[in-house]
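What follows is a short report on a single structure.
The values are calculated or read from the model by the stated rules, or taken from the named source; none is laboratory data. What you see is a predicted model; the values in this text were computed from it and never measured. Every residue, glycine among them, receives a Cβ derived from its backbone with ideal geometry; neighbour counts consider all protein chains shown. Just the protein is used for accessible areas: all its heavy atoms, side chains included, with ligands, DNA and RNA removed. Shrake-Rupley method; radii C 1.70, N 1.55, O 1.52, S 1.80 Å.
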Amino acid sequence: MSDMNSSTGPSSDSDYLLLAIETSCDETSVALVRNGREVLSNIISSQIETHKKFGGVVPEIASRKHVESITIIIEQALREAGVSLPDIDAVAVTQGPGLIGALLVGVVAAKSLSLALDVPLIGTHHIAGHIYANHLVGDIIYPAIALVVSGGHTEIVLLEEEGKFRIIGRTRDDAVGEAYDKVARALHFPYPGGPYVDKLAQEATEEVVLPRAWLEPDSYDFSFSGLKSAVLSEINRSRMKGESPDFSALARGFQQSVIDVVTTKAIRAAKEFGVRQMLLCGGVAANRGLRDRLSSLCEEAGLPLLIPTNKLCTDNAAMIAAAADLKYRRGQFSSLDLKAEPILSLEDWSV
Ligand code: KG4
Ligand code: ZN
(Lines give C-alpha, C1' and ligand atoms only; values in the text may rest on other atoms or scores of the structure.)
(Ligands and ions follow the chains in the order given, each with its own letter.)
Protein backbone atom coordinates (compact mmCIF):
# COMPACT_ATOMS: atom_id res chain seq x y z
CA MET A 1 0.00 0.00 0.00
CA SER A 2 1.55 3.30 -0.99
CA ASP A 3 0.69 6.88 -0.22
CA MET A 4 -0.22 8.65 -3.47
CA ASN A 5 1.35 11.87 -2.33
CA SER A 6 4.73 11.88 -3.94
CA SER A 7 4.37 12.91 -7.58
CA THR A 8 4.21 16.55 -8.45
CA GLY A 9 4.32 16.09 -12.21
CA PRO A 10 3.37 18.76 -14.75
CA SER A 11 -0.18 20.14 -14.59
CA SER A 12 -2.52 19.66 -17.51
CA ASP A 13 -5.63 21.69 -18.41
CA SER A 14 -7.91 19.13 -16.78
CA ASP A 15 -5.99 19.23 -13.49
CA TYR A 16 -7.68 20.94 -10.58
CA LEU A 17 -6.47 21.96 -7.16
CA LEU A 18 -8.46 21.82 -3.91
CA LEU A 19 -7.47 23.66 -0.75
CA ALA A 20 -9.02 21.93 2.27
CA ILE A 21 -9.35 23.09 5.87
CA GLU A 22 -10.05 20.90 8.93
CA THR A 23 -10.67 22.45 12.37
CA SER A 24 -13.39 20.23 13.87
CA CYS A 25 -11.56 19.32 17.07
CA ASP A 26 -7.99 19.88 18.26
CA GLU A 27 -6.01 19.80 15.02
CA THR A 28 -5.67 22.79 12.71
CA SER A 29 -4.97 21.30 9.30
CA VAL A 30 -4.72 22.63 5.75
CA ALA A 31 -4.01 20.55 2.63
CA LEU A 32 -3.50 21.16 -1.07
CA VAL A 33 -4.70 18.20 -3.13
CA ARG A 34 -4.54 17.87 -6.91
CA ASN A 35 -7.31 16.00 -8.75
CA GLY A 36 -8.79 14.79 -5.46
CA ARG A 37 -6.06 12.22 -4.82
CA GLU A 38 -2.58 13.68 -5.13
CA VAL A 39 -1.55 15.25 -1.82
CA LEU A 40 0.81 18.18 -2.46
CA SER A 41 0.84 19.23 1.20
CA ASN A 42 -1.03 18.24 4.36
CA ILE A 43 0.01 20.42 7.31
CA ILE A 44 -1.31 19.37 10.72
CA SER A 45 -0.83 21.56 13.77
CA SER A 46 -1.84 19.60 16.85
CA GLN A 47 -3.02 21.26 20.05
CA ILE A 48 -2.43 18.12 22.12
CA GLU A 49 0.26 19.71 24.30
CA THR A 50 -2.20 22.46 25.29
CA HIS A 51 -5.12 20.14 26.11
CA LYS A 52 -2.98 17.48 27.83
CA LYS A 53 -2.90 19.44 31.10
CA PHE A 54 -6.71 19.24 31.24
CA GLY A 55 -6.92 15.53 30.39
CA GLY A 56 -9.08 16.22 27.31
CA VAL A 57 -10.03 18.82 24.73
CA VAL A 58 -11.28 22.13 26.15
CA PRO A 59 -13.58 23.51 23.41
CA GLU A 60 -13.07 27.22 24.12
CA ILE A 61 -9.29 26.84 24.11
CA ALA A 62 -9.47 24.76 20.92
CA SER A 63 -11.24 27.55 19.01
CA ARG A 64 -8.81 30.20 20.25
CA LYS A 65 -5.86 28.06 19.15
CA HIS A 66 -7.43 27.55 15.70
CA VAL A 67 -7.77 31.33 15.34
CA GLU A 68 -4.10 31.78 16.26
CA SER A 69 -2.82 29.23 13.77
CA ILE A 70 -5.17 29.07 10.77
CA THR A 71 -3.53 31.81 8.65
CA ILE A 72 -0.04 30.52 9.35
CA ILE A 73 -1.04 26.95 8.46
CA ILE A 74 -2.71 28.08 5.20
CA GLU A 75 0.50 29.91 4.22
CA GLN A 76 2.64 26.92 5.18
CA ALA A 77 0.47 24.51 3.18
CA LEU A 78 0.66 26.72 0.07
CA ARG A 79 4.43 27.09 0.44
CA GLU A 80 5.03 23.37 0.89
CA ALA A 81 2.83 22.54 -2.12
CA GLY A 82 4.69 25.11 -4.22
CA VAL A 83 1.45 26.79 -5.32
CA SER A 84 -0.14 30.18 -4.77
CA LEU A 85 -3.69 31.31 -4.04
CA PRO A 86 -4.73 32.00 -7.68
CA ASP A 87 -3.93 28.32 -8.52
CA ILE A 88 -6.78 27.09 -6.32
CA ASP A 89 -9.96 25.82 -8.03
CA ALA A 90 -12.14 25.24 -4.95
CA VAL A 91 -12.03 25.51 -1.17
CA ALA A 92 -13.25 22.62 0.98
CA VAL A 93 -13.91 22.81 4.70
CA THR A 94 -15.16 20.52 7.47
CA GLN A 95 -18.71 21.72 8.08
CA GLY A 96 -19.41 19.16 10.84
CA PRO A 97 -19.76 17.23 13.00
CA GLY A 98 -17.41 18.67 15.60
CA LEU A 99 -17.03 21.40 18.21
CA ILE A 100 -19.04 24.41 17.08
CA GLY A 101 -16.46 27.06 18.03
CA ALA A 102 -13.67 25.06 16.40
CA LEU A 103 -15.63 24.38 13.18
CA LEU A 104 -16.54 28.07 12.89
CA VAL A 105 -12.90 29.10 12.54
CA GLY A 106 -12.37 26.83 9.54
CA VAL A 107 -15.71 27.75 7.98
CA VAL A 108 -15.04 31.49 8.22
CA ALA A 109 -11.54 31.08 6.77
CA ALA A 110 -12.86 28.93 3.90
CA LYS A 111 -15.68 31.34 3.07
CA SER A 112 -13.25 34.26 3.02
CA LEU A 113 -10.94 32.44 0.61
CA SER A 114 -13.82 31.31 -1.60
CA LEU A 115 -15.16 34.87 -1.81
CA ALA A 116 -11.78 36.53 -2.34
CA LEU A 117 -10.64 34.04 -4.99
CA ASP A 118 -14.08 33.65 -6.56
CA VAL A 119 -13.93 29.85 -6.44
CA PRO A 120 -16.56 27.34 -5.23
CA LEU A 121 -16.93 26.40 -1.56
CA ILE A 122 -17.54 22.78 -0.52
CA GLY A 123 -18.87 22.11 3.01
CA THR A 124 -17.62 18.63 3.86
CA HIS A 125 -18.64 15.92 6.34
CA HIS A 126 -15.84 14.96 8.74
CA ILE A 127 -16.65 11.22 8.70
CA ALA A 128 -16.90 11.19 4.89
CA GLY A 129 -13.37 12.60 5.13
CA HIS A 130 -12.18 9.74 7.34
CA ILE A 131 -13.74 7.20 4.94
CA TYR A 132 -12.36 8.82 1.77
CA ALA A 133 -8.84 9.05 3.28
CA ASN A 134 -8.77 5.55 1.82
CA HIS A 135 -9.04 7.04 -1.69
CA LEU A 136 -5.65 8.68 -1.07
CA VAL A 137 -4.00 5.27 -0.67
CA GLY A 138 -5.80 3.11 -3.22
CA ASP A 139 -8.83 2.55 -5.45
CA ILE A 140 -12.16 1.99 -3.71
CA ILE A 141 -14.25 -0.87 -5.08
CA TYR A 142 -18.03 -0.67 -4.50
CA PRO A 143 -20.07 -1.84 -2.73
CA ALA A 144 -17.81 -1.41 0.30
CA ILE A 145 -18.10 -1.48 4.08
CA ALA A 146 -16.29 1.20 6.07
CA LEU A 147 -15.42 0.53 9.71
CA VAL A 148 -15.11 4.02 11.23
CA VAL A 149 -13.28 4.08 14.57
CA SER A 150 -12.38 7.54 15.82
CA GLY A 151 -12.32 9.58 19.01
CA GLY A 152 -15.88 10.80 18.51
CA HIS A 153 -17.44 8.16 16.22
CA THR A 154 -17.77 4.41 15.86
CA GLU A 155 -19.84 3.35 12.90
CA ILE A 156 -20.23 0.67 10.26
CA VAL A 157 -21.08 2.41 6.99
CA LEU A 158 -22.28 0.72 3.81
CA LEU A 159 -21.24 2.43 0.56
CA GLU A 160 -23.39 0.88 -2.16
CA GLU A 161 -21.79 3.22 -4.66
CA GLU A 162 -19.41 6.15 -4.68
CA GLY A 163 -20.44 8.91 -2.26
CA LYS A 164 -23.59 7.13 -1.00
CA PHE A 165 -23.42 6.54 2.74
CA ARG A 166 -25.73 4.26 4.77
CA ILE A 167 -25.02 3.79 8.46
CA ILE A 168 -25.90 0.24 9.47
CA GLY A 169 -24.40 0.30 12.98
CA ARG A 170 -23.17 2.85 15.49
CA THR A 171 -22.11 3.10 19.11
CA ARG A 172 -24.87 3.52 21.66
CA ASP A 173 -22.54 5.18 24.18
CA ASP A 174 -18.77 5.81 24.00
CA ALA A 175 -16.83 5.91 20.75
CA VAL A 176 -13.90 3.47 20.57
CA GLY A 177 -11.30 6.25 20.81
CA GLU A 178 -13.15 7.80 23.73
CA ALA A 179 -13.12 4.42 25.55
CA TYR A 180 -9.39 4.09 24.81
CA ASP A 181 -8.74 7.56 26.21
CA LYS A 182 -10.78 6.88 29.39
CA VAL A 183 -9.07 3.53 30.00
CA ALA A 184 -5.69 5.17 29.32
CA ARG A 185 -6.41 7.76 31.98
CA ALA A 186 -7.17 4.99 34.50
CA LEU A 187 -3.81 3.43 33.55
CA HIS A 188 -2.13 6.81 34.25
CA PHE A 189 -1.33 7.67 30.61
CA PRO A 190 -1.58 11.25 29.28
CA TYR A 191 -4.30 12.38 26.84
CA PRO A 192 -4.90 11.08 24.18
CA GLY A 193 -4.00 7.67 25.54
CA GLY A 194 -5.05 5.34 22.69
CA PRO A 195 -1.51 4.86 21.33
CA TYR A 196 -0.11 4.12 24.85
CA VAL A 197 -2.78 1.47 25.53
CA ASP A 198 -2.06 -0.03 22.10
CA LYS A 199 1.67 -0.25 22.84
CA LEU A 200 1.15 -1.71 26.32
CA ALA A 201 -1.33 -4.27 24.93
CA GLN A 202 1.18 -5.33 22.25
CA GLU A 203 3.91 -5.84 24.86
CA ALA A 204 1.74 -7.69 27.40
CA THR A 205 2.42 -11.33 28.16
CA GLU A 206 -0.75 -11.83 30.25
CA GLU A 207 -4.37 -10.93 29.55
CA VAL A 208 -7.24 -10.16 31.91
CA VAL A 209 -10.18 -11.50 29.92
CA LEU A 210 -12.91 -8.85 29.82
CA PRO A 211 -16.53 -9.01 28.57
CA ARG A 212 -17.58 -8.50 24.93
CA ALA A 213 -20.71 -6.40 24.30
CA TRP A 214 -22.28 -8.19 21.33
CA LEU A 215 -25.77 -6.67 21.90
CA GLU A 216 -28.67 -8.28 19.97
CA PRO A 217 -27.56 -11.11 17.62
CA ASP A 218 -28.47 -9.21 14.44
CA SER A 219 -27.25 -5.80 15.60
CA TYR A 220 -24.34 -3.90 14.09
CA ASP A 221 -24.41 -1.41 16.97
CA PHE A 222 -21.69 -1.13 19.60
CA SER A 223 -21.42 -0.35 23.30
CA PHE A 224 -18.11 0.30 25.05
CA SER A 225 -19.05 1.94 28.33
CA GLY A 226 -19.51 -1.42 30.12
CA LEU A 227 -16.07 -2.53 28.99
CA LYS A 228 -14.52 0.68 30.26
CA SER A 229 -16.28 0.16 33.63
CA ALA A 230 -15.01 -3.45 33.73
CA VAL A 231 -11.43 -2.15 33.47
CA LEU A 232 -12.05 0.36 36.28
CA SER A 233 -13.61 -2.26 38.57
CA GLU A 234 -10.70 -4.70 37.96
CA ILE A 235 -8.33 -1.92 39.06
CA ASN A 236 -10.42 -1.25 42.19
CA ARG A 237 -10.70 -4.96 43.01
CA SER A 238 -6.91 -5.39 42.93
CA ARG A 239 -6.38 -2.31 45.09
CA MET A 240 -8.94 -3.46 47.66
CA LYS A 241 -7.02 -6.73 47.98
CA GLY A 242 -3.84 -4.68 48.55
CA GLU A 243 -2.38 -5.82 45.21
CA SER A 244 -1.13 -3.59 42.42
CA PRO A 245 -3.23 -3.96 39.26
CA ASP A 246 -1.55 -5.56 36.24
CA PHE A 247 -1.90 -2.62 33.82
CA SER A 248 -0.44 -4.41 30.81
CA ALA A 249 -2.73 -7.46 31.22
CA LEU A 250 -5.69 -5.06 31.52
CA ALA A 251 -4.61 -3.07 28.44
CA ARG A 252 -4.40 -6.33 26.50
CA GLY A 253 -7.78 -7.54 27.76
CA PHE A 254 -9.41 -4.23 26.83
CA GLN A 255 -7.81 -4.12 23.39
CA GLN A 256 -8.70 -7.76 22.64
CA SER A 257 -12.35 -7.17 23.56
CA VAL A 258 -12.61 -4.04 21.39
CA ILE A 259 -10.88 -5.68 18.42
CA ASP A 260 -12.96 -8.88 18.66
CA VAL A 261 -16.25 -6.99 18.61
CA VAL A 262 -15.50 -4.37 15.94
CA THR A 263 -13.83 -6.77 13.50
CA THR A 264 -16.42 -9.55 13.93
CA LYS A 265 -19.28 -7.13 13.25
CA ALA A 266 -17.52 -5.51 10.28
CA ILE A 267 -16.82 -8.89 8.65
CA ARG A 268 -20.41 -10.07 9.29
CA ALA A 269 -21.70 -6.88 7.63
CA ALA A 270 -19.35 -7.38 4.68
CA LYS A 271 -20.74 -10.90 4.19
CA GLU A 272 -24.39 -9.95 4.66
CA PHE A 273 -24.22 -7.08 2.17
CA GLY A 274 -21.94 -8.96 -0.24
CA VAL A 275 -19.42 -6.12 -0.46
CA ARG A 276 -16.25 -6.20 -2.54
CA GLN A 277 -14.00 -4.22 -0.21
CA MET A 278 -13.42 -3.30 3.44
CA LEU A 279 -12.25 0.20 4.42
CA LEU A 280 -10.82 0.92 7.87
CA CYS A 281 -10.60 4.55 9.03
CA GLY A 282 -10.58 7.08 11.88
CA GLY A 283 -7.92 7.77 14.51
CA VAL A 284 -8.16 4.30 16.08
CA ALA A 285 -7.36 2.76 12.66
CA ALA A 286 -3.76 3.59 13.63
CA ASN A 287 -4.07 0.79 16.23
CA ARG A 288 -1.55 -1.94 15.43
CA GLY A 289 -3.63 -4.78 16.91
CA LEU A 290 -6.75 -3.71 15.01
CA ARG A 291 -4.94 -3.33 11.69
CA ASP A 292 -3.34 -6.76 12.05
CA ARG A 293 -6.53 -8.59 13.07
CA LEU A 294 -8.70 -6.99 10.39
CA SER A 295 -6.03 -7.72 7.77
CA SER A 296 -5.97 -11.42 8.62
CA LEU A 297 -9.78 -11.72 8.83
CA CYS A 298 -10.18 -9.97 5.45
CA GLU A 299 -7.55 -12.22 3.93
CA GLU A 300 -9.40 -15.31 5.22
CA ALA A 301 -12.65 -13.94 3.76
CA GLY A 302 -10.96 -13.07 0.42
CA LEU A 303 -11.93 -9.44 0.93
CA PRO A 304 -9.58 -6.65 -0.21
CA LEU A 305 -8.84 -4.19 2.61
CA LEU A 306 -7.72 -0.57 2.48
CA ILE A 307 -6.25 1.26 5.49
CA PRO A 308 -4.90 4.83 5.28
CA THR A 309 -1.36 5.55 6.46
CA ASN A 310 -1.22 6.63 10.14
CA LYS A 311 -0.99 10.33 9.24
CA LEU A 312 -4.15 10.03 7.14
CA CYS A 313 -6.02 8.08 9.87
CA THR A 314 -6.03 10.85 12.50
CA ASP A 315 -7.65 14.22 11.75
CA ASN A 316 -6.11 15.93 8.71
CA ALA A 317 -7.25 18.17 5.87
CA ALA A 318 -6.14 15.91 2.98
CA MET A 319 -8.97 13.52 3.87
CA ILE A 320 -11.40 16.47 3.72
CA ALA A 321 -10.20 17.25 0.19
CA ALA A 322 -10.62 13.57 -0.75
CA ALA A 323 -14.29 13.64 0.35
CA ALA A 324 -14.94 17.12 -1.08
CA ASP A 325 -13.73 15.79 -4.43
CA LEU A 326 -16.94 13.69 -4.63
CA LYS A 327 -18.91 16.95 -4.71
CA TYR A 328 -16.39 18.89 -6.82
CA ARG A 329 -16.62 16.37 -9.68
CA ARG A 330 -20.42 16.61 -9.59
CA GLY A 331 -20.51 20.41 -9.35
CA GLN A 332 -22.30 20.20 -5.97
CA PHE A 333 -21.14 23.36 -4.24
CA SER A 334 -22.15 25.14 -1.03
CA SER A 335 -23.40 28.68 -0.84
CA LEU A 336 -21.67 31.38 1.18
CA ASP A 337 -24.31 31.10 3.90
CA LEU A 338 -22.91 27.65 4.80
CA LYS A 339 -23.22 27.07 8.56
CA ALA A 340 -20.90 25.09 10.83
CA GLU A 341 -22.97 22.14 12.08
CA PRO A 342 -21.91 20.41 15.33
CA ILE A 343 -24.32 17.60 14.43
CA LEU A 344 -24.45 16.74 10.74
CA SER A 345 -25.94 13.64 9.12
CA LEU A 346 -23.51 11.58 7.03
CA GLU A 347 -26.33 9.97 5.05
CA ASP A 348 -27.78 13.37 4.13
CA TRP A 349 -24.36 14.50 2.96
CA SER A 350 -24.34 11.72 0.31
CA VAL A 351 -23.86 12.95 -3.28
O1 KG4 B 1 -10.13 10.47 14.27
P2 KG4 B 1 -9.41 11.16 15.33
O3 KG4 B 1 -8.07 11.80 15.02
O4 KG4 B 1 -10.28 12.27 15.98
C5 KG4 B 1 -11.67 12.26 15.95
O6 KG4 B 1 -12.26 12.63 14.91
O7 KG4 B 1 -12.23 11.85 16.97
O8 KG4 B 1 -9.22 10.09 16.50
C9 KG4 B 1 -8.54 10.37 17.70
C10 KG4 B 1 -8.64 9.14 18.60
C11 KG4 B 1 -8.17 9.37 20.02
O12 KG4 B 1 -9.18 8.89 20.89
C13 KG4 B 1 -6.89 8.53 20.13
O14 KG4 B 1 -6.65 8.02 21.44
C15 KG4 B 1 -7.20 7.41 19.17
O16 KG4 B 1 -7.83 8.06 18.07
N17 KG4 B 1 -5.99 6.70 18.71
C18 KG4 B 1 -5.73 5.40 19.01
C19 KG4 B 1 -4.48 5.10 18.43
N20 KG4 B 1 -4.01 6.23 17.81
C21 KG4 B 1 -4.96 7.20 17.98
N22 KG4 B 1 -6.46 4.50 19.68
C23 KG4 B 1 -5.95 3.25 19.82
N24 KG4 B 1 -4.75 2.89 19.31
C25 KG4 B 1 -3.99 3.78 18.61
N26 KG4 B 1 -2.81 3.38 18.12
ZN1 ZN C 1 -11.83 12.62 13.19
Original post:
Placing +1 at every Lys and Arg Cβ and -1 at every Asp and Glu Cβ, with all other atoms neutral, what dipole size does segment 141-307 have around its Cα centre, in debye to the nearest 20?
Top reply: 240 debye
Original post:
If you keep only loop residues by DSSP, which GluC sites (Glu not before Pro) in segment 104-186 have at most 15 other Cβ atoms within 10 Å of their Cβ?
Top reply: Glu160, Glu161, Glu162
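Express the Stokes-Einstein translational diffusion coefficient of the chain in µm² s⁻¹, to the nearest whole number, given a Kirkwood radius over alpha-carbon pairs, 4 °C and a viscosity of 1.567 mPa s. All intermediate terms of the calculation are to be shown ahead of the outcome.
Values: Rh = 20.7 Å.
Estimated via Stokes-Einstein, D reaches 63 µm²/s.
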**OP:** Would you list the membrane-span-like helices of the chain, meaning whole DSSP H runs whose alpha-carbon atoms span at least 24 Å along their axis and whose mean Kyte-Doolittle value is at least -0.5?
**Re:** 59-81, 100-117, 247-272
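Looking at this model, which pairs from Lys111/Lys164; Lys241/Lys311; Lys271/Lys339 are more than 31 angstrom apart at the alpha-carbon?
On the way: Lys111/Lys164 26 Å; Lys241/Lys311 43 Å; Lys271/Lys339 38 Å.
As for pairs spanning more than 31 Å Cα to Cα, those are Lys241/Lys311; Lys271/Lys339.
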Original post:
Which trypsin sites (Lys or Arg not before Pro) in segment 242-351 pass both tests, a DSSP loop state and at most 10 other beta-carbon atoms within 10 Å?
Top reply: none
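What net charge is computed for the residues neighbouring Asp246, neighbours being all others with C-beta under 15 Å from the C-beta of Asp246, Lys and Arg scored +1, Asp and Glu -1? Don't jump to the answer; show the numbers that get you there.
Values: positive: Arg237, Arg239, Lys241, Arg252; negative: Glu203, Glu206, Glu207, Glu234, Glu243.
Neighbourhood net charge equals -1.
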**OP:** For segment 117-159, state the average projected area of the convex hull of the C-alpha atoms over all orientations, rounded to one decimal in nm².
**Re:** 4.4 nm²
Original post:
Okay, helix-only estimate at 222 nm for the chain: each DSSP H run of n ≥ 4 adds -39500 (n - 2.57), divide by all residues, round to 500 deg cm²/dmol; what do you get?
Top reply: -13500 deg cm²/dmol
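Below 8 Å between Cα atoms, with a sequence gap of 6+, how large is the relative contact order for segment 141-307 in percent? Working shown, then result.
Values: 309 pairs, mean separation 47.6, N = 167.
Worked out over segment 141-307, it gives 29 percent.
Treating only the Cβ atoms of Lys and Arg (+1) and Asp and Glu (-1) as charged, compute the dipole magnitude of segment 33-183 about its Cα centre; round to the nearest 20 debye. Show your work: numbers first, answer last.
On the way: 13 positive and 18 negative charges, 72 e Å.
Dipole magnitude for segment 33-183 comes out near 340 debye.
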**OP:** Leaving ligands, DNA and RNA out of it, report the carbon-plus-sulfur percent of the accessible area of segment 141-307 at a 1.4 Å probe.
**Re:** 50 percent
Subject >> Within segment 2-117: Cβ-based charge dipole about Cα centre, in debye rounded to nearest 20 (Lys, Arg +1; Asp, Glu -1) >> reply: 360 debye
Original post:
Which three extents, in whole angstrom, do the alpha-carbon atoms of segment 40-178 cover along their principal axes, largest first?
Top reply: 40, 39, 23
**OP:** Using a 1.4 angstrom probe on heavy atoms only, work out the carbon and sulfur share of the accessible area of segment 20-136 in %.
**Re:** 57 percent
**OP:** Can you tell me the FRET efficiency between Leu115 and His188 if r is taken as the Cβ-Cβ distance and R0 is 45 Å, rounded to the nearest 0.05?
**Re:** 0.40
Original post:
Quick one: if you stick a label point 7 Å off each Cα along the C-beta vector at Arg212 and Ser84, how many nm between them?
Top reply: 5.9 nm
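Of Arg166, Arg37, which has the most accessible area with a 1.4 Å probe, and how do the rest follow in descending order?
On the way: Arg166 100, Arg37 55 Å².
From most accessible down to least: Arg166, Arg37.
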Subject >> Separation of the Ser14 and Glu300 label points, Cα + 7 Å toward Cβ, nm >> reply: 4.3 nm
Subject >> Residue-normalised accessible area of segment 165-268, given per residue in Å² at a 1.4 Å probe >> reply: 47 Å²
**OP:** Treating the Cα atoms of segment 141-307 as identical point scatterers in vacuum, please give the log10 of the normalised Debye intensity I(q)/I(0) at q = 0.12, 0.18 Å⁻¹, two decimals.
**Re:** -0.51, -1.07
Original post:
For segment 155-171, in order, what is each residue's ³J(HN,Hα) by Karplus, 6.51 cos²θ - 1.76 cosθ + 1.60 with θ = phi - 60°, in whole Hz (x at glycine and Pro)?
Top reply: 8, 10, 10, 9, 10, 5, 8, 4, x, 10, 10, 10, 7, 9, x, 8, 6
Subject >> Radius 11 Å from Cβ of Gln256, net charge of other residues (Lys, Arg +1; Asp, Glu -1) >> reply: +1
Subject >> Amide H contacts under 5 Å for Gly169, placed H, 5+ residues apart >> reply: Ile156
Original post:
Pick from Ile131, Ile48, Ile156: which residue has the top mean-square fluctuation in a GNM of the chain where Cα pairs under 10 Å get a spring?
Top reply: Ile48
